[in-house]
1. Roughly speaking, what is the stretch gain from Asp306 to Ser576, that is 0.36 nm per residue apart minus the C-alpha to C-alpha distance, in nm to one decimal?
2. Could you state the angle between the C-alpha long axis of helix 314-325 and the longest principal axis of the C-alpha atoms of the chain, as a value from 0 to 90 degrees rounded to the nearest 10?
3. When the convex hull of the C-alpha atoms of the chain is computed, what volume per residue in Å³ does it have?
4. Hey, what angle do you get for helix 265-276 against the long axis of the chain, alpha-carbon based, 0 to 90 degrees rounded to 10?
5. Restricting everything to alpha-carbon atoms, can you work out Rg to Rh for segment 454-526 with a Kirkwood hydrodynamic radius?
6. What nm value, rounded to one decimal, do you get for the distance between Glu552 and Arg568 when each label is placed 7 Å out toward the C-beta?
7. Could you tell me which of rounded, prolate or oblate describes segment 188-285, using a ≥ b ≥ c as the square roots of the eigenvalues of the alpha-carbon gyration tensor, with rounded for a/c under 1.5 and, failing that, prolate when a/b is larger than b/c and oblate otherwise?
8. Report, in degrees rounded to the nearest 10, the 0 to 90 angle that the Cα long axis of helix 401-410 makes with the longest principal axis of the chain.
Amino acid sequence: MRGPILTTLMAICALSTTTWADEAALPLALQNQNIEVRTEQDPRVRKTILPIRVVWQSEGVVDAENLLKPDSGQITLSGTKSTKLTKDAGVILDFGFEMQGGVRIAVAGTHSGKAVKVRVRFGESVSETMSEPRGNGSTTGPESATNDHAIRDQVTLVPWLGTAEIGNTGFRFVRIDLVDEAEGASVDLQSIRAIFRYRDLPYLGTFKCSDERLNRIWNVGAYTVHLNMQEYLWDGIKRDRLVWIGDMHPETSTISVVFGRPGNVVEKSLDLIRDETPPTQWMNGLSSYSMWWLLIHQSWYEANGDKDYLLAQRPYMTALLKEFTKYVGDDNQEHLPARFLDWPSSGNEKAIHAGLQALLTMTFDAGAKMGNLYNDAELTKMCQDYAARLRKHVPDPGDSKQAAALMVLAGIGDAKELNEKVMAVDGVERMSTFYGYYVLEARAKAGDTQGCLDCIRDYWGAMLDFGATTFWEDFDIRWTENAARIDEIVPEGKKDIHGDYGNHCYVGLRHSLCHGWASGPTAWMSHHVLGVEVLEPGCAKVRIAPQLGDLEWVEGTYPTPHGVISIRAEKQTDGSVKTTVEAPKGVEIVK
């Protein structure tokens, strides 16, 4: 099955792809050109998408609504109705949802019969399309957009009679302005379509329950990660468009419950960072990210059961685990360099220490499992000994929900106590989009399913309330006070929830509004509400124990290497839960 957003898109036109299995299948003109050696097949498909509304238009724009009407995409000389922009006129279009790609501008004529200059601005929010860019490392204001990673603001030529394709970034909104210097300049736009590039993947995992808000959150989390599965598994499609290993842990958790094992995008990304980072250095320059690399391998193996792939990681993984032993002191505390948990934890030294202590404990726990798999008794014992030593030190979480969560997951803190004293305090205050996933996991260990459901509704749901179609790099519930939605021009007296906030590397409009690490509720709801717990690698044995909280029912599917598990759970009048399960051969179900 496909997600709801993509289901709508699939109806626009049928997909087709062509692969060249051998030279005989090549176009005749390309045979004997040794092209296969020089060719890499793009794993993505491409669609062109019409805008759904005109957000804004200046004076000098004529018939802007024509841009919303279907057209052939082919320039003709038949006088097809177009939209005219005169000198310095502009229009902002809304394509309805966040996507990765660019725009195709079809021009049916210009004042001079020659190419003219237009300015194209992409935005994840409307306010971003109306901003001025940062340049050369300086800013024109804290709210400025950037061209640092993907070009989001550029002046370019469009033809007198033809089409131009512009852009390769993440966006939902596009602003087009005619900026040609010529006296009396004008351009007739036949159409402006978004070029949408994504991997064509079936949504094998599904989730539906009696609360439509939770259903939407599950789907938006799934789509957020889907959109970041480009050539590699990126952190964000606007920024940074890189393989950040820490970001990948929530992403791969979501991928396993939605897509199963979709080609090699996960392995390709893990191997890329491994091959460019010696085990004596830190992945992405952060010690925690090298730990996340190892933890991803553990969870990915549990999901897909590919022992051969995990065995291939043995030399690097063994060297990395030995490297980590250098940073456990005689005091049984971690002394890691390059210290980072997530952005909101920055500056809280107690939280960073507690979080790294817990992460390193989890890493050695995972290493012990890898040692068993490798039949390496020495590696297994080394990891078990270091994990035991680290557990002798119980750090102060520094009132950090993120650090407290990792302590619970590492088994160095009491789940119920830390939930009551830290994680459940002040609702969704002091949450983060990245470590929110681990807060949910830890609170579930405390038996607080209802608290988790409320947190998901209030925190991730608030982003939807402000126009999100994907989840954001960071979010603070306090930003919502007197704030405008991202899909409207910010009214006077209102706060710009995109441009007015942010910190660290994501100040103002540099803030990514499509970040895969924010997808945690999707994985969490499949594992806890739908109730799927993998007990043996490759889903050979799975426990099904739905936790409904205040929900009346839940149903969905869960992908395994053997096929899809189908589940439905309904609350009975006496409060008990009736669960029905259909599982493929090769999957043992326990309840």
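The values are calculated or read from the model by the stated rules, or taken from the named source; none is laboratory data. All values reported here derive from a predicted model rather than from experimental measurement. Here Cβ is always computed from backbone atoms with ideal geometry, including for glycine, and neighbour counts include all displayed protein chains. Surface areas here come from the heavy atoms of the whole protein model, side chains and all, with no ligands, DNA or RNA. Shrake-Rupley method; radii C 1.70, N 1.55, O 1.52, S 1.80 Å.
1. Additional length available on full extension: 93.5 nm.
2. The answer is roughly 70 degrees.
3. 184 Å³
4. Result, in degrees: 80.
5. Expressed as Rg/Rh, it is 0.97.
6. Between Glu552 and Arg568, the label points sit 1.4 nm apart.
7. It is oblate, given that a/c is not under 1.5 and a/b is not larger than b/c.
8. Between the helix axis and the principal axis of the chain, the angle is about 50 degrees.
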